[in-house]
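Heads up: the structure comes next, in structure tokens.
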Amino acid sequence: MTLEEKLKEWHRCNTKRLEHSREAKSLQSRCEQLELDFEAELIRSNRTSIVRYGFTLCWAKGRASVAWADEYLKAFGPEKVTKLKLQAAAEASKVLCIEAPQSVG
């Protein structure tokens, strides 16, 4: 493959990649909008899990974090940070979980 052919192939691939990237961002934005609706539906139900049209909507535990831990780690070292993380009352966040029925495709 000549340099010219490689450059032309790169240009085609890069153009296609950028198009897909824009499309992916648009799809991600739409999914996030829909997920807000699903979260609202789950909140209205006052339950931790519901089934709607075969889809299961539920709360899953997110990753608990202590916001100051990284800076503290730099200053005081991993042993002290680990001890303080265990003592801290870090609350796990709730994350929406969506399980599709097997018939969806």
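Nothing in this text is a laboratory measurement; each read-out follows from the coordinates by a stated rule. These numbers were taken from a predicted model, which means no experiment stands behind them. Neighbour counts run over all protein chains shown; Cβ positions are idealised from the backbone, glycine included.
Identify which of the listed values of semi-axes √(5λ) of the Cα gyration tensor in Å was calculated from the structure shown: (1) 38, 31, 11; (2) 35, 14, 11; (3) 34, 13, 10.
(1)
In deg cm²/dmol and to the nearest 500, what is the mean residue ellipticity at 222 nm of the chain if only DSSP H runs of at least 4 residues count, each as -39500 (n - 2.57), divided by the residue total?
Rounded to the nearest 500, the figure is -20000 deg cm²/dmol.
Using the count of nearby Cβ atoms within 10 Å as a rough guide to exposure, how do CYS97, CYS31 rank from fewest to most?
Arranged by neighbour count, lowest to highest, CYS97, CYS31 become CYS31, CYS97.
Along Cα→Cβ, 7 Å out, is where each label goes; now give me the distance between the ones at LYS61 and THR48 in nm to one decimal.
Output for this residue pair reads 1.0 nm.
May I ask for the Kirkwood hydrodynamic radius of region 1-46, worked out over all distinct Cα pairs and given in angstroms to one decimal?
Working: mean 1/r = 0.0746 Å⁻¹.
One decimal place: 13.4 Å for the Kirkwood radius.
Could you check the spin-label model distance between CYS97 and LEU73? Points 7 Å from the Cα along Cα→Cβ, value in nm.
Distance between the two pseudo-spin positions: 2.6 nm.
Between THR2 and ARG22, what's the calculated FRET efficiency when r is the beta-carbon distance and R0 is 30 Å? Round to 0.05.
Details: r = 30 Å, r/R0 = 1.02.
Efficiency for this residue pair is about 0.50.
Please report how far the C-alpha centroid of region 35-64 lies from that of region 4-28, rounded to the nearest whole angstrom.
Cα centres, region 35-64 to region 4-28: 36 Å.
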